[in-house]
Every structure is written in C-alpha cells, then in structure tokens.
Amino acid sequence: MSKVQINSKLPDLPVSIFTHMSQLAAEHGAINLGQGFPDFPMDARLQDLVYKAMRDGFNQYAHSNGYPLLREVIAEKIKTLYGNPVSPDTEITITPGGTYAISNALTAVLRPGDEVLFFEPCFDSYIPNIEITGAKAVPVPLDFPSYAIPWEKVRQAINPKTRMIMLNSPNNPTGTILTRADLQELKHLVRDTNILILSDEVYEHLVFDGEKHLSILSEPELFERSFVAFSLGKVFHCTGWKTGYSVAPAYLMKEFRNHHQFNVFSVGSTLQVGMAQYLQDPEVYLSLPAFFQKKRDFFLSELRTPFLKPLPCRGSYFQCFTFEAGTGDFDLAEKLTSETGVATIPVSAFYRDRTDNRVLRVCFAKKEETLSQAADHLNRADYSKLK
Ligand SMILES: Cc1ncc(COP(=O)(O)O)c(C=O)c1O
C-alpha cells in the first residue's frame, strides 16, 4: 500500500502513561491505582434519571449550548457556591467532558505564535491541545516539594506574546489547591494585560479538611478574562459519560460556541436531562468532600511502609508519595506493578522533560477493599529489591 505523505501535527507523541500503566497492570493482574477513575458504582438515582429520560423520549439532538434546564441548574449552583450570577443563556455551554471544555477553549482563541503558560506537573492533554493550534506551550515548573506556584518565575516568563495562563485546582497530580494569595498574585499579574485565563476545575468538589475550593468564578476581576472547565463525569463517578461544561463571560463564550457547534454540535441528551434533575439536590455535590476525604484518610491509615512518604493532599482524588532515591519513578512504578501487584503513576510523566523528583501518584477513588488490598501489597513489598 502506498501512503499519502502527511506532515503530522502531533509527531512523536509517546503512548500515554495511563495506557501504559493500565496495560502493565492488566498483564500482571495488579491492582490499578494508576488511572483516575472510580471502581465503585455510581449513584443508582442518577442512572434511573437517565434511563427515565431515555424512556421519556429525550433521544434526539440536544440544544447545541446544552439542555436549557441543566444550564439553569448549573447557573444556580454557581451563584450559590461562588456568588457569581452567570447567565445560563450566554455564559454556560455543556460539553463532552472537561478535556473538551479545555481543548475547545484553546482552539477558539489561540493563534500560531501565541504563548500559553501552564504549570508542570500537568494533565497530559494540555501540551498537545496548545500545540495543535500553532501556539507555543511554555511550562513553568511548580516548586518542589510544596508544588506551590512560583509567581516570580511566572512574571519572568510573561512577554508580549503571552496569550493565556492555564491553572488547575484542585490539581492533578499534586493534590494542591489554589490559595487566596495565588489569586491575588494572578490578579496583579494580568491586570491591564491582554492575557486570558483557562482554569481547569474538574475536581471542583474534591477539597478536604474544611478548606474551600477557590474558583476563578468567585473572582469577578479574573472571571472577565477566563474560561473555566468542569467535569460532571469526574465528580459523579461516571467518567465514561464524558460530560462536563464550560463557563466564560458572554464575549468569550460566543467564540467558544462558534467552534463547539462545528466540533460536536451537542452532547448526549439523555445524560443532560438526567443530570439536570440530579443536580437539583445540592446534597449530591455537597457530600463529595467528606466522601473522598474518608477514602484518602483510609488509604493513608492502611499504608504503613516508611518507604513511601505522603505529600500533603488538599484536593482531587490523587495522593502523591515521595521515596528515597535509588531508582527513577518510572522504573519503580513498573516494578511495583509487576512485582508488588500495585499500579501507580510516575509523576515524571506529567513533565515534558520528564523531571524526576522521585514521586508516585496514587488514585484513591476506589472501594475500601481495593485500597486495603493495595496497601497490604505495598506494606509487604521488599523495597531493597525494588530499588
Ligand atoms: C486535571 C484534569 N483535567 C481534565 C480532565 C478530563 O476530564 P473529562 O474526563 O471530563 O474529560 C482530567 C481527567 O483526568 C483531569 O485530571
């Protein structure tokens, strides 16, 4: 077969670390604490509502901007939680997941030559999604081990080509959350500039120890230049549904929708109708911090090996561990999978240059029995052999 020549737009992309570790886990029958998805059932009430929506005939194209009632319910939630009266008509669009809410915003506004600042370690879709637009991805490494944002370095990285700053709080993989001081720094930095903000808040409700999620939506001065991405699949234990939403001021949302209508047009109607009913009970999201905090604390109490030292986890459903040098994080993650029976993710995979601070990420969105078994394997491992 002769092939037509193409100039790849994303050449040399490695296989995703999540695919690699999940395959390795399957090969060795290991417990998979690598990829970020729950192994417990989602709420049967939500399943019933979606089933009912299907039986009630919501099976044709939904409105391109999203099922109106779902947008209204989300606007109400945003007003209550963040004090921002966003318009469901002009400022919210339902998307096929958080990844799409991010990529569609990038495609809508970036042009070749623009620069986008983002913080590493970062979620793996950011760099390809920036680069496919012809813009330049400019990583700023978070301080280690605090994973705090180094604002002085951000200041130095800004130049006239800087078009956007991307944020992610609660953060995957570090488990950190934005502080009030971060928001102040950001405000000072972008004031009187043309810099946009893209805030990835897919773990919105997963904030622990009584702390509050500081959304960009709660800061009018920042929101006026921002796209904010959310995921319903992530927080309601149905990642496979790939349903989320984007919130932005009307002038930015207009650009977002111009692209959205030709990218996907609309999102699964039954899922949206079911979600619109479900979200009318605030308890379904207000109960999430305690639900996930219990899992974090349970795993940490079960894990007794001094080899893995937990870093603070304030939000998301990821817990990071440092370990004594002796091997790289990628090697250790592979050996833990094949020899100890627990798959984790090496955090070096979240850096373009594979910076290896000897950190592993564990997803604790799992049943207690899974977490307990995994902790047991990790407690019994002979780390002198693994190094
Ligand atoms: C930081 C971050 N952003 C976005 C996403 C994607 O969300 P969705 O599955 O809704 O596309 C994920 C999923 O793991 C994530 O961790």
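The values are calculated or read from the model by the stated rules, or taken from the named source; none is laboratory data. Keep in mind the model is a prediction, meaning the values are calculated, not measured. Note that we place each Cβ from the backbone using ideal geometry, even for glycine, and neighbour counts take in every protein chain shown. Accessible surface areas use protein heavy atoms only, side chains included; no ligands, DNA or RNA. Shrake-Rupley method; radii C 1.70, N 1.55, O 1.52, S 1.80 Å.
Taking the range 250-294, which chymotrypsin sites (Phe, Trp or Tyr not before Pro) meet the DSSP loop condition and have no more than 13 other C-beta atoms within 10 Å?
F265
Applying a threshold of 22 Å to the alpha-carbon distances of K294/K335; K212/K294; K212/K234 flags K294/K335 as lying beyond it. The alpha carbon centroids of the range 1-76 and the range 104-132 are separated by 21 Å.
Can you give me the span-like helices of the chain, meaning DSSP H runs with 15 Å or more of Cα extent along the axis and Kyte-Doolittle mean at or above -1.0?
17-28, 44-55, 68-82, 98-109, 180-190, 288-302
Taking every DSSP beta bridge that has both ends in the chain, the antiparallel portion is near 45%. Restricted to Cα atoms, the range 1-137 shows a radius of gyration and a Dmax of 20.2, 60 angstrom.
In this structure the amide hydrogen of I197, modeled in the peptide plane, comes within under 5 Å of the amide hydrogens of I165, S226, F227, none closer than 5 places in sequence on its chain.
Could you tell me what percent of the accessible area of the chain is made up of carbon and sulfur, with a 1.4 Å probe and every protein chain present?
Roughly 52 percent, rounded to a whole number.
Computed with a 1.4 Å probe over protein heavy atoms only, the accessible surface of the range 265-387 comes to 40 Å² per residue.
Beyond 13 Å, how much of the Cα-Cα pair distribution for the range 55-103 remains, as a whole percent? That tail contains 62 percent of the Cα-Cα pairs. Its alpha carbons considered, the chain gives a radius of gyration followed by a Dmax of 21.0, 61 Å. Per residue, the average separation of C-alpha pairs within less than 8 Å and at least 6 apart gives the chain a relative contact order of 25 percent. For the range 155-225 and the range 291-309, what is the separation of their Cα centres, given in Å? With the range 155-225 and the range 291-309 each reduced to a Cα centre, they are spaced 28 Å. What residue among P11, P41, P249 shows peak mean-square fluctuation when the chain is described by a Gaussian network model with Cα springs under 10 Å? Highest fluctuation of the listed residues: P11.
Across every direction, the projection of the convex hull enclosing the Cα atoms of the range 60-281 has a mean area of 11.6 nm². Proximity of backbone amide H atoms, modeled 1.01 Å from N, is registered between G244 and T95, G97, L232 at under 5 Å, excluding neighbours fewer than 5 places apart on the same chain. Think of it as helices only: each DSSP H run of n ≥ 4 in the chain is worth -39500 (n - 2.57), and spread over all residues that comes to -11000 deg cm²/dmol at 222 nm. In the range 60-281, the DSSP beta bridges split such that about 30 percent are antiparallel, to the nearest 5.
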